[in-house]
Structure formats: C-alpha cells, structure tokens
Amino acid sequence: MRLVIIGGPGAGKGTQAAMLSREFGIKSITTGDMFRSIQKRGCEEGMEIGRILSEGKLVPDDITIKAVGNELGLAKYGPGFILDGFPRTVPQADGLDAILASIGRGLDLVIDIEVDDEDMVRRLTGRMVCPECGLIFNRHNEGYPGDGACGACGVGLEARDDDNEETIRRRLKTYHTSTVPLKEYYSDRGLLHTYVSEGIIERTYANIIGALKARGII
C-alpha cells in the first residue's frame, strides 16, 4: 500500500496516517517530523528550515524532495508507506514521481481531506503533541487529559512553535495557492479521493477505508 494524504494544516492528515499505519503495519512518513529532526542537528540547513517554518512558508522543493528521497530509499518502506504532508506543490509531486520511478514503485491512492479554514485555525491553536510518541491531542476536545500528559506514555504534552493563529493563517494562504493545484494533478491521473471532513476522526477514517476497498487496495 502506497498512499499520499493531502489537506490543509490541521485537516487531520497525521491522525489518519497514524491510524492507517497501526492497522496495516506500514510506515508513515511525515515531512514535518523530518524537518524538526534536521533542525535539532543545529546545522545551517536546520536553522534555515526553522526560519522558513516560523514564517509560515514552505520549505524549498529541493530540500524537501531530497529528504523524502533519502527516506523512501530505506528498506523499511518495502511493504509500503503513507506520505503525510508531501507533496505540497506540483514540482514536489514531479519529484516524488521521479523518486518512485527510481525504486520501481508507484502510488495507489491520494487522499484529500478538505476542512473549512476557520475549523482548521481552531484545531491548530488547540493542538498539543506528545514529544515522546507523537500522539496528537486537542485542548478544545472532550477527553483532553486534565493533567496535560500523554495518555499513552505519561509525558507532558507540548504545543508546536508554529501553532499560533498568525502563522496558521499564513500557512493556509500558502496552502490555497501552492497545494490546491495538486488536486487537479492527481485527479487527472485517476488517483485522487476527496473527503469533506466534519472533524469526526472515526467517520473520516471509515471513508478512507471505504475508498481503499473500492479500489481493491485492501
């Protein structure tokens, strides 16, 4: 199974990717996590990535494509993968095509999760992440742990530096101008499945599973 999940910031891409990864035993690749890992190295490239992300902009295509290509070349992705947050632009999609061609693979499906902009702002300003296991929680949702600790491993939850309203709205503007054209790109190839999400995780997941079954992927 080789999937791409696209959608605006806060659309729930990471949540759905994690659920699919657990159920089907395939690895999820998140460009955001890769970028944060590069930043932690303290190198010049990491500092540049941090500056770009803090301004709500996209990391340049050449840096992103190189990072994803290096990751997909690892043996652990032989059974398949889920790409969360990549590609974000048509040039990145072209780069992904070249990467997959070089390793003799192709995409099975591109899942597009559509969410209203104001809902995405609300989700992201309440998002809290476990720095240990990566689980995502939201302060606005029922069931948010009162002690602010991850229910899975007990580590204190943290907000991401770029989850503030000003940066989020810049990211949304960038998404609409740069990422939305991907829908036409993948639709023309017969790979796109779009779901308008109401924010109910289980319902979104059920729709994705239905799409995978309808195409004979599972």
* Asked: Long-range amide H contacts for residue 6: which residues qualify at under 5 Å (H placed 1.01 Å from N, peptide plane, sequence gap of 5 or more or a different chain)?
  -> 111, 112, 113
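Expressed as a whole percentage, what fraction of the accessible surface of the chain belongs to carbon and sulfur atoms when a 1.4 Å probe is rolled over the protein heavy atoms? Mind showing how you got there, number by number?
Working: 5270 of 10780 Å².
Answer for the chain: carbon and sulfur cover 49 percent of the accessible area.
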* Structure fact -> Given Cβ charges of +1 for Lys and Arg and -1 for Asp and Glu, the option among 79, 5, 28 whose Cα lies farthest towards the positive end of the dipole of the range 1-120 is 79
* To do: Just check the range 43-97 against the gyration tensor rule for me: Cα atoms, a ≥ b ≥ c as the square roots of the eigenvalues, rounded for a/c under 1.5, and otherwise prolate or oblate depending on whether a/b exceeds b/c.
  => prolate
* J(HN,Hα) series, the range 120-137, from Karplus relation 6.51 cos²θ - 1.76 cosθ + 1.60, nearest Hz, glycine and proline x -> 5, 4, 4, 4, 6, 6, x, 6, 10, 10, 7, x, 8, 10, x, 4, 10, 10
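Please figure out what share of the DSSP beta bridges in the chain is antiparallel and state it in percent, rounded to the nearest 5. Kindly include the intermediate steps, with their values, before the conclusion.
Numbers: 5 of 23 bridges.
Beta bridges within the chain, antiparallel portion: roughly 20 percent.
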* To do: Enumerate the whole-percent occupancy of each 10 Å bin, from 0 to the last occupied one, for all C-alpha pair distances of the chain.
  => 8, 33, 40, 18, 1
* Structure fact -> The size of the Cβ-based charge dipole (Lys, Arg +1; Asp, Glu -1) of the chain about the Cα centre, to the nearest 20 debye, is 480
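Keeping all protein chains in place, calculate the accessible area per residue for the range 65-212 (probe 1.4 angstrom), answer in Å². Walk me through the numbers on the way to the answer.
On the way: 7360 Å² over 148 residues.
With the other protein chains kept in place, the range 65-212 gives 50 Å² per residue.
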* Set of aspartates and glutamates near residue 27 by C-alpha distance (under 14 Å), chain-local residues within fewer than 8 positions excluded -> 71, 84
* Which one of 197, 28, 102 has the biggest mean-square fluctuation once the chain is modelled by GNM with Cα springs under 10 Å? -> 102
* **Probe 1.4 Å - accessible area at residue 127, Å² to nearest ten** => 40
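For every helix of n ≥ 4 consecutive DSSP H residues, a contribution of -39,500 (n - 2.57) applies; sum these over the chain, divide by its total residues, and give [θ] at 222 nm rounded to the nearest 500 deg cm²/dmol.
Working: 9 runs with 98 residues, N = 218.
Dividing the helical sum by the residues of the chain leaves -13500 deg cm²/dmol.
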* Asked: Using modelled amide H (1.01 Å from N, peptide plane; none on Pro or chain starts), what sits under 5 Å from the amide H of residue 155, excluding residues fewer than 5 places away?
  -> 150
* Phi to ³J(HN,Hα) by Karplus 6.51 cos²θ - 1.76 cosθ + 1.60 over the range 184-201, Hz, x for Gly, Pro -> 5, 4, 7, 5, 4, 9, x, 9, 8, 10, 9, 10, 7, 8, 9, x, 8, 4
* Convex hull volume of the Cα atoms in the range 101-218, per residue, in Å³? -> 162
* Check cross-link reach from residue 173 to the lysines: straight Cα distance under 28 Å, and skip same-chain residues fewer than eight apart. => 13, 40, 57, 66, 183
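The values are calculated or read from the model by the stated rules, or taken from the named source; none is laboratory data. Keep in mind it's a predicted model, so treat the numbers as computed, not measured. For neighbour counting, all protein chains shown are included, and Cβ atoms are generated from backbone atoms with ideal geometry for every residue, glycine included. Protein only, heavy atoms only, side chains kept; ligands, DNA and RNA dropped before computing areas. Shrake-Rupley method; radii C 1.70, N 1.55, O 1.52, S 1.80 Å.
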